[in-house]
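The values are calculated or read from the model by the stated rules, or taken from the named source; none is laboratory data. Everything numeric in this text was worked out from a predicted model, so none of it was measured. We place every Cβ from the backbone using ideal geometry, glycine too, and count neighbours over all the protein chains shown. In case anyone asks, the SASA skips ligands and DNA or RNA and just uses the protein heavy atoms, side chains included. Shrake-Rupley method; radii C 1.70, N 1.55, O 1.52, S 1.80 Å.
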Amino acid sequence: MEYRIKTVGVLTSGGDSPGMNAAVRAVTRAAIYNNIRVKAIYRGYKGLILGEVKEFTTQDVSNIIQRGGTIIKSARSKEFMTPEGRAQAYETIKREAIDALIVIGGNGTFAGALAFSQEYNIPVIGLPGTIDNDLWGTDMTIGYDTSLNTIMECVDKLKDTATSHERVFFVEVMGHDAGFLALNSAIAAGAEAAIIPERRTQEEQLLSYIGNGFRKSKNSSIVIVSERLEVGGAETLAQKLKEIHPEYDVRVSILGHLQRGGSPTAQDRILASRLGVAAIQALMEEQRCIMVGVKNDEIVYVPLSKAINEHKDVKHDKVAALQILAI
Ligand code: F6P
């Protein structure tokens, strides 16, 4: 007998990212187009455990493509990391007659999906939704481009005040354990340096380099710093620079959750729309435990285990370009 998915569940989980709504819209409409029912699960895995489910029509996703955040909410569920939590979640799956799940999120979301799929033999498709861009196998994640542009705009503004007061600014950005946001925003905003987890720059060397550049040719400096660095982030680096160069006027700006909000860029809306449609296609092709991503502008299917376990490195030429352009 032909196996056919009749009802798909969709959820967003982990840190929200701009474009998640566009992805929910695309999943919903592509499913309905293919005669598959859609059940939205609110608050990620937390809602799956608690049974917070609502069937979606095409109207439920009207007018959301331009909105940041996620209309179906997000959460980080500790319970779902336990077998007991997943057993409760499976009760919801049975009760709601959900045949397959599409999860939109990052590393943690995919790890949960993989465990759930293996334990309960339910088809799961992941869509990369995180500002961090740290999932292997896809060139871009949904939300990354918007966040990058937000950081660039903030740094443009900080540069105005940095130049006026002849100051050095350490700007801390998100990225979890990855430096994509820091490195690329540094290039885009014309910053002097990016301090990222992927390249363990000799800290003292870097600080004196900043100092030298500042003294020789510049009256202000911007350094973008990735969060969660072992060295302690922007505050610690600023403190150290002050010790080496007490004559400099140093300030710190931590951009925080500003980076996660806002209307998605065209790039993120298009990416989310393509991936949402492709996720339904993948389910109809009986794919399971894969992430749908994009490589060289083509849709790709990547095993979830690879997407979370393989390391995606920053491009060396970008690290080099930033250094060259900061002279
Ligand atoms: O994964 C997305 C992200 O924004 C990371 O860049 C950051 O480290 C983390 O989430 C912040 O999480 P929370 O919203 O729980 O503070």
Tell me the volume per residue, in Å³, of the convex hull enclosing the alpha carbons of region 93-197. 111 Å³
Hey, rough spin-label estimate for Asp156 and Ala97, points 7 angstrom out along Cα→Cβ, what's it come to in nanometres? 5.2 nm
Assign one of three labels to region 68-110, namely rounded, prolate or oblate, based on the Cα gyration tensor with a ≥ b ≥ c the square roots of its eigenvalues; rounded applies when a/c is under 1.5, prolate when it is not and a/b is larger than b/c, and oblate otherwise. oblate
Report, in degrees rounded to the nearest 10, the 0 to 90 angle that the Cα long axis of helix 316-325 makes with the longest principal axis of the chain. 30 degrees
Difference of contour (0.36 nm per residue) and Cα-Cα distance, Lys6 to Val231: 75.9 nm
Compute a Gaussian network model of the chain, connecting alpha carbons closer than 10 Å, and tell me which residue from Thr141, Thr150, Thr12 fluctuates the most. Thr150
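Pop the C-beta distance of Glu166 and Asp139 into the FRET formula with R0 = 41 Å and round what comes out to the nearest 0.05.
Working from the Cβ atoms, E equals 0.60.
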So if we plug the beta-carbon distance of Glu243 and Lys318 into 1/(1 + (r/R0)^6) with R0 = 35 Å, what FRET efficiency do we get, rounded to 0.05? 0.70
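Could you put Arg274, Arg4 in order of accessible surface area, largest first, with the 1.4 Å probe and the full protein assembly present? Mind dumping the intermediate values first?
Working: Arg274 85, Arg4 115 Å².
The residues order as Arg4, Arg274, largest area first.
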Only Lys, Arg, Asp and Glu count, each charged at its Cβ (+1, +1, -1, -1), so figure out the dipole size of the chain about its Cα centre, rounded to 20 debye. 620 debye
Bin all alpha-carbon pair distances of the chain at 20 Å intervals from 0 and give each bin's fraction as a whole percent. 33, 48, 18, 1
Heavy atoms of the protein only, probe of 1.4 Å, neighbouring chains included. What is the accessible area of Leu325 in Å², nearest 10? 130 Å²
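Under a 1.4 Å probe, what is the accessible area of the chain per residue, stated in Å²? Before the final figure, lay out the partial values.
On the way: 14620 Å² over 327 residues.
So the chain comes to 45 Å² accessible per residue, rounded to a whole number.
Does region 25-110 classify as rounded, prolate or oblate by the C-alpha gyration tensor (a ≥ b ≥ c root eigenvalues; a/c under 1.5 gives rounded; else a/b over b/c gives prolate, otherwise oblate)?
oblate
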Taking only protein heavy atoms and a 1.4 Å probe, the highest-to-lowest accessible-area order of Tyr33, Tyr45, Tyr120 is Tyr33, Tyr120, Tyr45
What order do Met284, Met152 take when sorted by accessible area (1.4 Å probe), most exposed first? Met284, Met152
For the residue pair Tyr120 and Asn34, what label-to-label distance in nm results when each label sits 7 Å from Cα along the Cα-to-beta-carbon direction? 2.1 nm
So how do 187-195, 299-307, 56-64 stack up, highest first, on mean other-Cβ count within 10 Å? 187-195, 299-307, 56-64
Shape call for region 13-73 from the C-alpha gyration tensor, a ≥ b ≥ c root eigenvalues: rounded (a/c under 1.5), prolate (a/b greater than b/c) or oblate? oblate
Of all the accessible heavy-atom surface of region 80-152, with the other protein chains kept in place and a 1.4 Å probe, what percent is carbon and sulfur? 53 percent
Compute the orientation-averaged projected area for region 1-150 from the convex hull of its Cα atoms and round it to one decimal in nm². 9.0 nm²
Say the cut-off is 25 Å between C-alpha atoms; which of Lys73/Lys306; Lys218/Lys312; Lys6/Lys78; Lys157/Lys315; Lys54/Lys78; Lys6/Lys312 go over it? Lys73/Lys306; Lys218/Lys312; Lys6/Lys78; Lys157/Lys315; Lys6/Lys312
Can you give the accessible area of His311, probe radius 1.4 Å, in Å² rounded to 10? 130 Å²
